[in-house]
Amino acid sequence: MKSTESLLQQAARWHAIASGRDLSADESRALDQWLAQSSQHRLAYADICAAAFALEQTAAAANSIVRRAPQTKAATRTWLRWGMAAGTPLLLVFALLVGPRLAPSWQNWNSDLYTDIGKPQSQTLADGSVLELDTDSAVRVRLGSNRRDIELLRGRLAIAVAKDSTRPLHVQAGRVDAMAVGTRFVVDHNATGTEVSVHEGIVRVTTGSAAPVDLTAGQQAFVSDGELAARVGALVSNDGWTRGVLSVEQMPLAQVLAELDRYLPERIVLTDSARANLPITATLPLDNPAAALHTLAQTSQLSVRHIPRVAYIMR
């Protein structure tokens with residue numbers, strides 16, 4: 001980018017490069033580096049993307065406004081106000097999507113194993129247990145003589161525990177401790193709480209001062225941030241992600257999109273809230289989440305608008 005260009009001009013140039021075609025590997029890397037430089041870069045890029053999105057909504061408005069290139073952020077935000085007045089849900093876009101999803105670097109630095117967005121991986125631990133990390137996840141591992149500990153810092157893991165009755169394996173996620181001596185289970189730790197899903201054997205779940213809960217195969221427990229006890233129910237989530245697929249049956253569209261959202265650097269925004277509970281039955285590949293999203297949109301009679309490095313907007 002030219003050093004004499006303003007941030008907004010640089011952002012506009014990047015938007016022009018990224019729109020309408022796939023970036024080369026070098027271009028993609030350069031754009032990511034530019035966005036990562038500061039929050040101001042990401043905000044400027046979001047401004048340009050949102051303004052361009054607004055202009056596309058009404059051809060007549062675009063014809064009268066497109067001739068006036070934005071020179072300042074104030075000018076761009078005038079376009080945003082026009083777009084919102086026209087009924088475009090830009091407030092949601094602008095409030096939530098200020099740039100690409102960035103994994104917390106401090107968690108990666110303090111972990112023993114972490115995964116990037118869209119890149120799950122599997123690793124056999126020194127005790128023979130097989131640990132699978134989903135997209136954008138991080139763990140710390142401590143294998144002692146009396147017990148084995150895995151701390152899930154963020155994301156989701158599946159663990160096939162090597163049997164050792166003298167050294168129980170504990171997975172800690174926030175205030176939740178899931179303990180087993182030889183079994184297979186999944187732990188999902190996110191902003192809403194922690195879910196433990198048991199696929200084989202028995203897992204003891206402890207949280208806070210509440211009495212421990214023993215889960216058997218086919219059961220799961222969920223602990224929200226504000227709870228002191230686990231809510232136990234039948235297993236409804238699955239471990240398809242360990243096989244590279246998202247397989248759902250009668251799952252609400254909003255929940256399916258939340259799962260795909262894990263695998264993309266951009267956010268997914270559904271602007272038609274009336275479709276949020278639309279039941280979806282499908283098997284979608286996770287190695288190409290963007291293609292899976294377009295397939296889902298087609299089958300749900302929705303359109304997808306991609307704002308590069310910012311969002312996939314479904315309506």
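Using 1/(1 + (r/R0)^6) with R0 = 30 angstrom and r between the beta carbons of Asn277 and Arg243, what's the FRET efficiency to the nearest 0.05?
Here the calculated transfer efficiency is 0.65.
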Could you work out the Rg to Rh ratio of segment 123-163, with Rh taken as the Kirkwood radius (inverse of the mean 1/r over all Cα pairs)? 0.95
Rg/Rh for segment 157-315 to two decimals, with Rh computed the Kirkwood way over all alpha-carbon pairs. 1.03
Pull out a ≥ b ≥ c, the square roots of the eigenvalues of the alpha-carbon gyration tensor of segment 244-314, then state rounded if a/c is under 1.5, prolate if not and a/b is larger than b/c, and oblate in the remaining case. oblate
Computed label-point distance, nm, for sites Arg147 and His306 using a 7 Å Cα→Cβ extension: 4.7
Cα atoms only, segment 105-234: Rg and Dmax in Å? 13.6, 37
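Every number here is computed from the coordinates shown, using simple stated rules; none is lab data. No experiment lies behind these values; they were computed from the predicted model shown. Cβ atoms come from the backbone with ideal geometry, glycine included; neighbour counts cover every protein chain shown.
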